[in-house]
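K.L.:
I have a structure here, written as structure tokens, and I will follow up with some questions on it.
Bear in mind these aren't lab numbers, they're just calculated from the coordinates by the rules spelled out. Note that this is a predicted model, so its numbers are computed, not measured. Cβ placement follows ideal geometry from the backbone for every residue including glycine, while neighbour counts extend to all protein chains displayed.
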Amino acid sequence: MAALPSFPPGFLWGVSTAAYQIEGAVREDGRGPSIWDTFSHTPGRIRDGDTGDVACDHYHRWAQDVELLAELGVSAYRFSIAWPRVQPAGAGPVNGAGLDFYDRLVDALLARGIAPVPTLFHWDLPQALEDAGGWLSRDTSHRFADYAAVVADRIGDRVSRWITLNEPVVHMAQGYAFGTHAPGRMLMMDALPVAHHQLLGHGLAVRALRARGGAEVMITNNCTPVWPAGDDLDAAEVYDAFHNRLFLDPVLRGEYPSFAAEAGFVQDGDMDVIATPMDALGINYYNPTRVKAAPEGAPLPFETVDIEGVPKTAFGWPVVPDGLRELLVGLRERYDELLPPVYVTENGCSTDGSVHDGDRIDYLDGHLRALHAAIEAGADVRGYFVWSLLDNFEWAEGYSQRFGLVHVDYETQRRTPRDSFAWMRAALAEQR
Ligand code: IFM
């Protein structure tokens, strides 16, 4: 395989994980229950009845996992902090043992020259907050900012890049509109306040983090280029507004797309808070989405359509590397000087699980070339993180989807680096 083109000096290379997907130890050292504990223990919610109770046992094996990161040669590691480990009830008393865990992790990363990039919320809301309304309640936004401050007070002296929320669109849609993720609510369009309260929480957290130092702060959105099926341009525009613009326009332009602009849940001053300037924007890219208009009377105005004629991942997701270039260049055109520097904070694929994962190597190689082409075309992209370091708990799919550069045997917790790990290590060494 030909060497990758050279990325700009100082480009950040990393891998991403999330707390509930890898940590396990859900009842240890004072951690409180989260909505994912409740949801995964509800019969019928997760494939094969899997739960994150043990996951990759990272809570106990973190030192070994940091060694893997060092061996891979990454310059950054994106992980998430479990809110219920830090504040078991989502508000009030702080659990020192939970903070100790992340404190040790940050020190171990820095000792190996790896920049810690913590995400404050990757979907594991403390159950007590859900019981009080979850993200449907405005109060949760304020609780999130308080929690951000607690974490920053402990590790902010060593963290120079923060991510507030991960993929608020997925949390709103799957968690509150369709009920396929925790907390499992099926509110369809009535889930919209969840978008607003997450974004308000983001803006308040940006301010809380800024008040505690000069670190870079960003949000991570899941974005997709939207392709109309045939000439269904209206359906594509509506899907784009729901999936991409609902979460980007408010933070970058201080306004909602028209369908959400008049919503009663927006109070005076909210948009200014939400649009508090960020230093960067995180983008998670997996695939483009093709859409057509839904039939009359359907609950939503669009339907997604299969993208034919391209390879598919084990998940069945279409593999379209150039979609990453299209997305990044398109964002630049849409938001122009309002767009801050971008980090691709997730990109990767699930495979059949074999350690000989040539398909993952092809996937990563293709996407990195597309990313390079985007940079050449003027996109200001400062870093790239592979999803994921380890195979892990893939939400409603349990352990059936394997995204890791490292294979995990869930019986023994043995980690085995895949061929893609060796490929990535060599690619990073060349970039250096
Ligand atoms: O595993 C997820 C992650 O938690 C959020 N982004 C997409 C990944 C793959 O589905």
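K.L.:
Rounded to two decimals, what is the ratio between the C-alpha radius of gyration of the range 313-355 and 2.2 N^0.38 Å?
P.N.:
Values: Rg = 14.1 Å, N = 43, 2.2 N^0.38 = 9.2 Å.
Its radius of gyration relative to the 2.2 N^0.38 Å reference: 1.54.
K.L.:
Take each complete run of DSSP H in the chain, measure how far its Cα atoms stretch along the helix's own axis, and keep only those covering 15 Å or more with mean Kyte-Doolittle hydropathy at least 0.0; list them. Provide the component values of the computation, followed by the final result.
P.N.:
Details: long enough: 58-72 (20 Å, -0.53); 96-111 (22 Å, 0.66); 139-155 (25 Å, -0.15); 192-210 (28 Å, 0.44); 322-335 (20 Å, -0.48); 358-376 (27 Å, -0.30); 419-431 (18 Å, -0.08).
What comes out of the filter, once short or polar helices are dropped, is 96-111, 192-210.
K.L.:
Counting Lys and Arg as +1 and Asp and Glu as -1, each charge on the Cβ, what is the dipole of the chain about the Cα centre in debye, to the nearest 20? Show your work: numbers first, answer last.
P.N.:
Values: 35 positive and 60 negative charges, 208 e Å.
It comes to approximately 1000 debye.
K.L.:
I would also like to ask the following. Taking 7 Å along the Cα-to-C-beta vector as the label spot, tell me the Thr416-Asp380 distance in nanometres, rounded to one decimal.
P.N.:
About 4.5 nm separates the two model spin labels.
K.L.:
Let me check the size of the range 352-432 from its C-alpha atoms; what are the radius of gyration and Dmax in Å?
P.N.:
My reading of the Cα-based Rg and Dmax gives 14.4, 47 Å.
K.L.:
Additional query: Could you list which residues have their amide H under 5 Å from that of Thr351, counting only those 5 or more apart in sequence or on another chain, with H placed in the peptide plane?
P.N.:
Counting only residues 5 or more places away or on other chains, the set is Ala314, Arg402.
K.L.:
For the chain, give the share of DSSP beta bridges that are antiparallel, in percent and rounded to the nearest 5; count only bridges with both residues there.
P.N.:
Numbers: 11 of 44 bridges.
Taking every DSSP beta bridge with both residues in the chain, the antiparallel ones total about 25 percent.
K.L.:
So for the range 235-384, considering every pair of alpha-carbon atoms, how many percent are separated by more than 21 Å? Mind showing how you got there, number by number?
P.N.:
Details: 6099 of 11175 pairs.
Percentage above 21 Å: 55.
K.L.:
Let me have the relative contact order for the range 35-181, percent, based on Cα pairs under 8 Å that are six or more residues apart. Don't skip to the answer; put the middle values down first.
P.N.:
Details: 168 pairs, mean separation 37.8, N = 147.
Once divided by the residue count of the range 35-181, the mean separation gives 26 percent.
K.L.:
Under the classification rounded if a/c is under 1.5, otherwise prolate if a/b is larger than b/c and oblate if not, where does the range 23-69 fall, given a ≥ b ≥ c as square roots of the Cα gyration tensor eigenvalues?
P.N.:
Numbers: a/c = 3.65, a/b = 1.72, b/c = 2.13.
Here the range 23-69 falls in the oblate category.
K.L.:
Evaluate the relative contact order of the range 152-246 (contact order divided by residue number), counting alpha-carbon pairs under 8 angstrom at least 6 apart; express in whole percent. Before the final figure, lay out the partial values.
P.N.:
Details: 111 pairs, mean separation 30.1, N = 95.
That works out to 32 percent.
K.L.:
Take Ser400, project a point 7 Å from its Cα along the Cβ direction, then tell me which residues of the range 167-202 have their backbone nitrogen under 15 Å from it.
P.N.:
180-181
K.L.:
Once you sort the root eigenvalues of the Cα gyration tensor of the range 225-286 as a ≥ b ≥ c, which label holds: rounded (a/c under 1.5), prolate (a/b larger than b/c) or oblate (the other case)?
P.N.:
Values: a/c = 3.64, a/b = 1.49, b/c = 2.45.
Verdict is oblate for the range 225-286.
K.L.:
Give me Val74, Val94 sorted ascending by neighbouring Cβ count inside 10 Å, so fewest comes first.
P.N.:
On the way: Val74 25, Val94 16.
Least to most surrounded, the residues fall as Val94, Val74.
K.L.:
Additional query: For Asp53 and Ala294, what is the calculated FRET efficiency with R₀ set at 22 Å and r taken between the beta-carbons, to the nearest 0.05?
P.N.:
Values: r = 38 Å, r/R0 = 1.74.
The value I calculate is 0.05.
K.L.:
Another one. So what is the relative contact order for the chain, in percent, with contacts set as C-alpha pairs under 8 Å and at least six apart? Provide the component values of the computation, followed by the final result.
P.N.:
Working: 899 pairs, mean separation 75.3, N = 432.
Computed over the chain, the figure is 17 percent.
K.L.:
Moving to a separate point now. Report, as a whole number in µm² per second, the diffusion coefficient that Stokes-Einstein gives for the range 125-277 at 4 °C and 1.567 mPa s using the Kirkwood radius over alpha carbon pairs. Before the final figure, lay out the partial values.
P.N.:
On the way: Rh = 16.1 Å.
Translational diffusion coefficient: 80 µm²/s.
K.L.:
Could I ask something else about it? Whole-Hz ³J(HN,Hα) for each residue in the range 181-186, computed from phi via Karplus 6.51 cos²θ - 1.76 cosθ + 1.60 with θ = phi - 60°, x for glycine and proline: what do you get?
P.N.:
Result, rounded to whole Hz: 10, 4, x, x, 8, 10.
K.L.:
Over what distance in Å are the Cα centres of the range 62-110 and the range 140-193 separated?
P.N.:
One Cα centre to the other: 18 Å.
K.L.:
Something else now. Grab the alpha carbons of the chain, take their convex hull, and tell me the volume per residue in Å³. Spell out each step's value before the answer.
P.N.:
Working: hull volume 59.2 nm³, N = 432.
Normalising the Cα hull of the chain by residue number yields 137 Å³.
K.L.:
Take Trp317 and Ser160, extend 7 Å from each Cα along the Cα→Cβ direction, and tell me the distance between the two endpoints in nm.
P.N.:
In this crude spin-label approximation the distance works out to 3.0 nm.
K.L.:
Find out how many positive minus negative residues lie around Pro318, taking Lys and Arg as positive, Asp and Glu as negative, among other residues whose Cβ is under 10 Å from that of Pro318. Display every interim value, and only then the final one.
P.N.:
Details: positive: Arg290, Lys312; negative: Asp306, Glu308.
Net local charge, Pro318 excluded: 0.
K.L.:
Using only helices, what value at 222 nm comes out for the chain when you add -39,500 (n - 2.57) per DSSP H run of length 4 or more and divide by the total residues, to the nearest 500 deg cm²/dmol? Present the calculation step by step, with values, prior to reporting the outcome.
P.N.:
On the way: 15 runs with 157 residues, N = 432.
The helix-only estimate for the chain comes to -11000 deg cm²/dmol at 222 nm.
K.L.:
In addition: Over the chain, with a Gaussian network built from C-alpha contacts below 10 Å, which listed residue (Thr304, Thr119, Thr289) shows the highest mean-square fluctuation?
P.N.:
Result for the chain, Cα springs under 10 Å: Thr304 fluctuates most.
K.L.:
Collect residues whose amide H, placed 1.01 Å from N in the peptide plane, falls under 5 Å from the amide H of Val15; neighbours closer than 5 in sequence don't count.
P.N.:
HN-HN under 5 Å from Val15: Ala76, Arg78, Val386.
K.L.:
Which order do Thr416, Thr38, Thr140 fall in if you start with the one that has the fewest other Cβ atoms within 10 Å?
P.N.:
Values: Thr416 12, Thr38 16, Thr140 24.
Taking fewest neighbouring Cβ atoms as first place, the list is Thr416, Thr38, Thr140.
K.L.:
Taking the Cβ of each residue in Phe247, Phe101, Phe265 as the centre, tally the other Cβ atoms inside 10 Å and list the residues starting with the fewest.
P.N.:
Values: Phe247 26, Phe101 23, Phe265 15.
If I rank by nearby Cβ atoms, fewest first, I get Phe265, Phe101, Phe247.
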